[in-house]
Amino acid sequence: MRSEVEELIDSVLDEADCIDDLIDAVREQREAMRQRDTEAVNSLMDETRDLSFNAQAQEKIRDDKAKKFAEKFSCQPVASSLASVMTDDEKEEFNGAVDKLTQSVFVLKSEMMILTGLIDQHEQYTSMLLSEWRRLNGDIMSQSGSADFRG
């Protein structure tokens with residue numbers, strides 16, 4: 001296998017692995033939220049932020065390698081075009097790596113949608129509780145302010 005193809009495949013797999021780590025952290029964060037473990041949620045938020053930066057860095061590396069490969073072999077820096085200039089063995093391994101990355105991105109998007117939904121529900125619940133607290137607090141204040149206990 002040509003070294004350029006190996007490097008490209010490795011960069012695709014590195015990005016997929018980084019996204020898989022991010023998926024694991026998001027799932028752990030969701031579980032910590034479910035358990036109301038504020039300390040763990042905060043720690044995992046820091047971890048997901050760091051993993052997100054790593055995933056972006058891996059994406060840049062993969063994108064740069066794809067562009068260099070495309071330039072060298074006169075094709076477009078998209079998976080189908082890159083694969084078109086590969087041997088059958090290279091193409092099979094490359095397409096497997098691309099499929100893994102695509103699946104990882106899909107799962108991450110799903111996990112982020114779930115987490116966003118939980119956050120939205122939490123925000124609505126908190127808003128509802130605050131509204132009820134204000135209503136009750138206002139009732140108490142108005143009752144204590146209007147009562148006259150002088151004899």
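The values are calculated or read from the model by the stated rules, or taken from the named source; none is laboratory data. Bear in mind the structure is a predicted one, so any value in this text is a computation, not a measurement. Here Cβ is always computed from backbone atoms with ideal geometry, including for glycine, and neighbour counts include all displayed protein chains. Protein only, heavy atoms only, side chains kept; ligands, DNA and RNA dropped before computing areas. Shrake-Rupley method; radii C 1.70, N 1.55, O 1.52, S 1.80 Å.
Dividing the summed -39500 (n - 2.57) terms of all DSSP H runs of n ≥ 4 by the residue count of the chain sets its mean residue ellipticity at 222 nm at -32000 deg cm²/dmol. This model, with +1 at the C-beta of Lys and Arg and -1 at the C-beta of Asp and Glu, gives region 1-126 a dipole about its Cα centre of some 440 debye. Here the label points at K67 and I119, each 7 Å from Cα along the C-beta direction, are separated by 3.0 nm in the simple model. Its relative contact order, with pairs defined as Cα atoms under 8 Å and 6+ residues apart, puts the chain at 31 percent.
Given a 1.4 Å probe and the protein chains as shown, S104 ends up with an accessible area of around 10 Å². Quick one, which of (1) 1.17; (2) 1.05; (3) 1.75 is the actual Cα Rg over 2.2 N^0.38 Å calculated for this model? Given (1) 1.17; (2) 1.05; (3) 1.75, the structure-derived one carries the label (3).
Here the spin labels are modelled as points 7 Å beyond Cα on the Cα-Cβ line, and at W133 and D46 they lie 2.6 nm apart.
In whole Å, how far is the Cα centre of region 89-114 from that of region 1-65? If you average the Cα positions of each part, the centres end up 13 Å apart. Sorting the segments 66-72, 113-119, 16-22 by their residues' average number of neighbouring beta-carbon atoms within 10 angstrom, most packed first, yields 16-22, 66-72, 113-119.
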